[in-house]
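Peer 1: Encoded as structure tokens, here's the structure I'll be asking about.
The numbers here are math on the coordinates, done by the rules we state, and not lab data. Being a predicted model, the structure only gives us computed values, none of them experimental. As a convention, Cβ positions derive from the backbone with ideal geometry for all residues, glycine included, and neighbour counts pool all protein chains shown.
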């Protein structure tokens, strides 16, 4: 038993997005003088800082927003980037973590619901590639769905990475110097991850249980305009 | 990956291209066009691509792409690979062509591509500068020069570089020891030699050349601190085109760092553009030194002509008047000042006759030409004459416009007059019919009276009979 755990345990890694490209998900929601601008995209934190202003100016010009938006957009992006960079120096424990990632998003007229397992330890994973393949396989015609899917995956990965940093800090504070199984249990205690040992032990099979089949199946819905309007109205109400 | 050497953009020809995708409906056979770019509004289905982007192919990556966007090709990251670059590039171009002739914006593109936005922006800007997206032939005039320059740069093709750089590279590599001269060098124009101080002293030159043939040229002052007129020219052009982007301005002004460019630009006195003119005069001076003809005071340039000059000075920088200036200088060096002046004057009159539309601009640029012809006083007369010519042309135009307006007004007046006549006729008719009506009323009244009298008479006669 112990040998299994210790092979699974990795030493603390410097914080980064657990993907091949260290990209940050950026969400913008700016209201100014009655106009609302909502957007979500991925950003490479190793790009020089002047790119932020360039991007803000381009976006404002393309979308014909009032010029005051430039500073607001730039500030929002900068603050999210600096949050990300604040985490960068710290350690995180990834453990043996396979987590379910849930997708539940609506982009224009397309609704996507999906759930799948993602290996947090795989630092070569590529949400963009996954999103592109997903859209191609499901025959999604709207090209804006791909980036939204990639963004959703990244956001969840980012959340979990932050949590693991927090938990690493906690465990270091509470249990100074002790190694080994403690860390394994700390990561298991997050509740989200699946227990690999149980999953792949010789007693159970790799085939999914029937009750889980519906959950793990991707669902794509094409909505009509009225349904879209109804959903949007409901979202606005919830937001308020 | 096939690497094809790109053509150095020369004439700025543009060609329409075939869509290799079956889904688009606007397939057009490739045909080459005459150098005069046709208006793209004439045929919405044809997509025009500038000739310097002829290398583009859907499945291949060209050398210039590798050079301009190295991040995708240096295998620093596993996901930023050539295949990913192809995906980005092809999706952007496809999206643009589907929506043609509407221009595509960066935000449209980055919303539909799965990638980090800064990479998308770099590919987008690259395609934009090469005219593969958002290219309209009407915009071909000015950006063409810059795209050519970029094409020339990325092709690394020294032959396509403009002649100004050739003049600058004549800046001081010693023929004797093949090292870059600093401090001072000695130039012999007779045999076109440049020697550094050391070689000169050591007499490291060919037999048959006298040491007196050499002219001493100071370098350290010139190249380090002072800006030559050519460099200032390049600087202003670059600033006009690139604006605040000093990173791009600096390489355009060859040999100067960004800081130098910025400080020089700030120092440039824009109020007195003729100072730049006088710098140019100094350049001509260098040309003429050999002949020994003295250039009269460069301050003889007319100062009252300078205010329209000021305005015009910056814009002609970007277009053809530089070669003209150079030509005029060359001519004056070759054929003597008088001849060049006469030639320039003839050119002025010819131009003002031919070019009605750009008469103002040509008038000013001709003024510049005549200014370049080095002689103080007659320059003034020439410029005044040219100015007078321009003025007379303006007056002529004004008169024509007046005549046209007069005619229009007359026509309108005639219309109104006709209408008035018509109304008068109608009025007459009305009167007539009213009179008729009156008469009829009168007649009726008379009849009524008669009847009344008759009846009355009848009644009275009846009464008389009865009683």
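Peer 1: Calculate, for residue B:99 and residue A:90, the FRET efficiency according to 1/(1 + (r/R0)^6) with r their C-beta to C-beta distance and R0 41 Å; round to the nearest 0.05. Present the calculation step by step, with values, prior to reporting the outcome.
Peer 2: Details: r = 46 Å, r/R0 = 1.11.
The calculated FRET efficiency here is 0.35.
Peer 1: If you don't mind, there's one more thing I want to ask. Over all residues in B:98-110, what is the mean tally of Cβ atoms on other chains that come within 10 Å of each residue's Cβ?
Peer 2: 3
Peer 1: Here's another thing I want to ask about it. Ranking A:219, A:140 by Cβ neighbours within 10 Å, fewest first, what do you get? It would help to have the intermediate numbers written out before the result.
Peer 2: Working: A:219 13, A:140 19.
Exposure proxy ranking, most exposed first: A:219, A:140.
Peer 1: For a Förster distance of 30 Å, can you work out the FRET efficiency between the beta-carbons of residue B:405 and residue B:427, rounded to the nearest 0.05? Please report the intermediate quantities before stating the final value.
Peer 2: Details: r = 33 Å, r/R0 = 1.10.
With a Förster radius of 30 Å, E is 0.35.
Peer 1: If you don't mind, another one. Please give, to one decimal in nm, the separation of the simple spin-label points placed at residue B:134 and residue A:67, each 7 Å out from Cα toward the Cβ.
Peer 2: 1.9
Peer 1: Also, I was wondering about something else. Take B:87, A:67, A:216 and order them by how many other Cβ atoms sit within 10 Å, fewest up front. Can you show the working numbers first?
Peer 2: On the way: B:87 17, A:67 9, A:216 12.
With the sparsest Cβ surroundings first, the list reads A:67, A:216, B:87.
Peer 1: For the pair residue B:415/residue A:104, report the inter-label distance in nm, with labels modelled 7 Å from Cα in the Cβ direction.
Peer 2: Simple spin-label model gives 7.0 nm for this pair.
Peer 1: Taking neighbour Cβ counts within 10 Å as the exposure measure, how do B:58, B:246, A:43 sort from fewest upward? Write out the running numbers ahead of the final one.
Peer 2: On the way: B:58 12, B:246 16, A:43 20.
Going from least to most buried by this count: B:58, B:246, A:43.
Peer 1: While we're here: So how do B:102-111, A:145-154, B:389-398 stack up, highest first, on mean other-Cβ count within 10 Å? Spell out each step's value before the answer.
Peer 2: On the way: B:102-111: 18.7, A:145-154: 24.2, B:389-398: 13.2.
Highest mean packing first, the order is A:145-154, B:102-111, B:389-398.
Peer 1: Across the residues of A:54-62, average count of Cβ atoms on other protein chains within 10 Å? Could the numbers behind the result be given before it?
Peer 2: Numbers: counts 4, 6, 0, 0, 8, 5, 1, 3, 8.
Partner Cβ neighbours, averaged per residue: 4.
Peer 1: Here's another thing I want to ask about it. What is the Cα centroid distance between segment B:449-467 and segment B:63-102, reported in whole angstrom?
Peer 2: Here the answer is 120 Å between Cα centres.
Peer 1: Then there's this: Report the label-to-label distance for residue A:33 and residue A:172 in nanometres (one decimal), using points 7 Å from each Cα along the Cα→Cβ vector.
Peer 2: In this crude spin-label approximation the distance works out to 4.7 nm.
Peer 1: So, one more: Hey, can you rank A:68-79, A:51-62 by average C-beta count inside 10 Å, highest first? Walk me through the numbers before you get to the answer.
Peer 2: On the way: A:68-79: 16.8, A:51-62: 18.4.
Ranked by mean Cβ neighbours within 10 Å, highest first: A:51-62, A:68-79.
Peer 1: May I pose another question? Counting only other chains, and only Cβ atoms inside 10 Å, what mean value do you get across the residues of B:115-126?
Peer 2: Details: counts 10, 16, 14, 12, 5, 2, 5, 2, 0, 1, 2, 0.
What the average comes to for B:115-126 is 6.
Peer 1: Run the Debye formula on the Cα coordinates of segment A:13-92, all scatterers equal and no solvent, and tell me log10 I(q)/I(0) at q = 0.12, 0.13, 0.15 1/Å.
Peer 2: -0.38, -0.44, -0.56
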